[in-house]
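Asks: Got a structure for you, written out below as structure tokens; questions coming shortly.
The values are calculated or read from the model by the stated rules, or taken from the named source; none is laboratory data. All values derive from a computational prediction rather than experimental measurement. Virtual Cβ from ideal backbone geometry, glycine too; neighbours counted across all protein chains shown.
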Amino acid sequence: MNGRRLLAVVRKESAQILRDPSVFLVAGVLPVLLLFLFTYAVSLDIRHVRLGIVRQAQSTQVESLAAALMGTPYLQVTPYASRRQASAALLASQIRGYVVIPEDFDQRLRQTPTTALVEVVSDGSQPNTATFVANYVRQIVDTWWAQQHGEASAIDLQPRYWFNEELESRRFLVPGALAIVMTIIGTLLSALLVAREWERGTMEALLATPVSVAEILLGKLLPYFALALLAMLIGVELSIHVFAIPLRGSWAALLLITAVFLLPALGQGLLISVLSKNQFVASQLALLSGYLPAFMLSGFLFEIDSMPWPIRLLSHIVAARYLVVCLQTLFLSGDVWSLFAPNLLAMLGLGLVFLLLTWRKLHKSLED
């Protein structure tokens, strides 16, 4: 390893970055755009669920229960004259479910508490919302029944939520989105490095110099490593000051976690670049092997524990899985090094594997 030759490759690649505006679009504009989309367009919070109510009976008790259903901020209740109208609205996706208060409601009310007071019909095409509607309506009815009979539960349940007291989904979506952004930047940009040199015919000229394979790889990665770190800092600043997501961990831990993650991200992209020798093919492979697994198998939106065991096993080779856990912990909890350490080791191991495979493939290509 020669410092002067390495510096020359770094300067060459840095000049290439400055001449290519698409790099700044991917590293500067794309992270901001994706963060805004994931923060405001993706939400797992359930608010103002559209619910219908059909009152087949008219009495003071019926009106009292209907008022209890309409008085919650989580439901947006619309009355319907008949079950047929409510069913048509549900079929047209105008509501997500409806409650039927039957004709014999008062009679049921006088019977035992085990008697079903109302009927709840929900849209099963959205299972999470359907489950929420059924459970929440049942809770409202149970509370209303207890108030009517003057009975209170013997158990005083006071739930407490750690790390995300307001239960806002964007507080764990934004750190996960940062992991997806870093995957795209690291894998996509580095996937074009060597492929671009082969397409433009400059790789032969570079190989004719005394520069070694290790110096070529390291010299090409260092500018993009710095660019990706800058993109992460911009994303975190947006998260804190624009999206109001608190950073409870330290900046030192953030930089260390990001730097370690960039090893497998850049290494995977560089391996793709060496294997394909074509920018279009390299970009497609980067999206298929980098972005999609990071989005689907990292735990960003879908719980890994709920996946079948072969998929859970496959997720262990997705570097974004470890970054998502680290960033969510860093933002919501703080510096938990007992959790960071195994994830950092996993990312470091994946990075070394990718870089070793890249070095061997490029070295073999030079010998051939």
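Asks: Can you confirm whether the range 206-228 contains a residue that is under 25 Å from the mean Cα position of the chain (by Cα), part of a helix (DSSP H, G or I) and surrounded by fewer than 16 Cβ atoms within 10 Å (Cβ to Cβ)?
Replies: Checked the range 206-228: at least one residue is under 25 Å from the mean Cα position of the chain (by Cα), part of a helix (DSSP H, G or I) and surrounded by fewer than 16 Cβ atoms within 10 Å (Cβ to Cβ).
Asks: Please verify whether residue 259 is at pLDDT 90 or above and out of contact with any helix residue (DSSP H, G or I) (no Cβ under 9 Å at 6 or more places or on another chain), treating the condition exactly as stated.
Replies: Spelling it out, it is not the case that residue 259 is at pLDDT 90 or above and out of contact with any helix residue (DSSP H, G or I) (no Cβ under 9 Å at 6 or more places or on another chain).
Asks: Give me a count of the residues in the range 54-75 that are in a strand (DSSP E or B) and closer than 17 Å to residue 142 by Cα.
Replies: Selection size over the range 54-75: 1.
Asks: So how many residues does the range 229-249 have that are in contact with a Ser or Thr (Cβ under 6 Å, 6 or more places away or on another chain), modelled with pLDDT under 90 and in a helix (DSSP H, G or I)?
Replies: Residues that pass the stated criteria total 0.
Asks: Moving to a separate point now. Which residues, counting only those in the range 88-104, are in a helix (DSSP H, G or I) and touching a residue at least 24 places away in the same chain (Cβ under 8 Å)?
Replies: Scanning the range 88-104 gives 89, 90.
Asks: Could you grab me the full set of residues in the range 229-253 that are closer than 23 Å to residue 268 by Cβ and surrounded by fewer than 18 Cβ atoms within 10 Å (Cβ to Cβ)?
Replies: Within the range 229-253, 229, 230, 233, 234 meet the criteria.
Asks: Here's a check for you: in the range 310-342, which residue that is polar (S, T, N, Q) and in contact (Cβ under 8 Å) with a residue 24 or more places away in the chain is surrounded by the fewest Cβ atoms within 10 Å (Cβ to Cβ)?
Replies: If we take residues in the range 310-342 being polar (S, T, N, Q) and in contact (Cβ under 8 Å) with a residue 24 or more places away in the chain, then 333 is surrounded by the fewest Cβ atoms within 10 Å (Cβ to Cβ).
Asks: Another question about this same structure. Count, please, the residues in the range 169-205 that happen to be in a helix (DSSP H, G or I), out of contact with any helix residue (DSSP H, G or I) (no Cβ under 8 Å at 6 or more places or on another chain) and without any contact (Cβ under 8 Å) to a residue 12 or more places away in the chain.
Replies: Result for the range 169-205: 3.
Asks: What do you reckon, is residue 349 small (Gly, Ala, Ser), assigned to a helix (DSSP H, G or I) and under 15 Å from residue 182 (Cβ atoms)?
Replies: no
Asks: While we're here: List the residue pairs whose Cβ atoms are under 8 Å apart, where the first residue sits in the range 222-245 and is without any contact (Cβ under 8 Å) to a residue 40 or more places away in the chain and under 14 Å from residue 184 (Cα atoms), the second is of a type in the set (A, V, I, L, M, F, W, C) and crowded, with 22+ Cβ neighbours inside 10 Å, and the two are 6 or more positions apart or on different chains.
Replies: Hits for this filter: 229/262.
Asks: Here is a follow-up. Looking at (1) part of a helix (DSSP H, G or I); (2) in contact (Cβ under 8 Å) with a residue 24 or more places away in the chain; (3) under 18 Å from the mean Cα position of the chain (by Cα), which one does residue 266 not meet, given that it meets all the others?
Replies: Unmet for residue 266, out of (1) part of a helix (DSSP H, G or I); (2) in contact (Cβ under 8 Å) with a residue 24 or more places away in the chain; (3) under 18 Å from the mean Cα position of the chain (by Cα): (3).
Asks: Ok, one more. Looking at the structure I just gave you, is residue 340 within 21 Å of residue 265 (Cβ to Cβ), of a type in the set (Phe, Trp, Tyr), in a helix (DSSP H, G or I) and modelled with pLDDT of 90 or more?
Replies: Yes.
Asks: To continue, here is another question. Go through the range 282-314 and give me each residue that's of a type in the set (Asp, Glu) and assigned to a loop (DSSP other than H, G, I, E, B).
Replies: Matches in the range 282-314: 303 only.
Asks: Assuming residue 300 fulfils every condition listed in (1) at pLDDT 85 or above; (2) closer than 21 Å to residue 248 by Cα apart from one, which condition is it?
Replies: In the conditions (1) at pLDDT 85 or above; (2) closer than 21 Å to residue 248 by Cα, residue 300 misses (1) alone.
Asks: Of everything in the range 133-171 that's of a type in the set (A, V, I, L, M, F, W, C) and modelled with pLDDT of 80 or more, which residue is surrounded by the fewest Cβ atoms within 10 Å (Cβ to Cβ)?
Replies: Per the criteria, the residue is 134.
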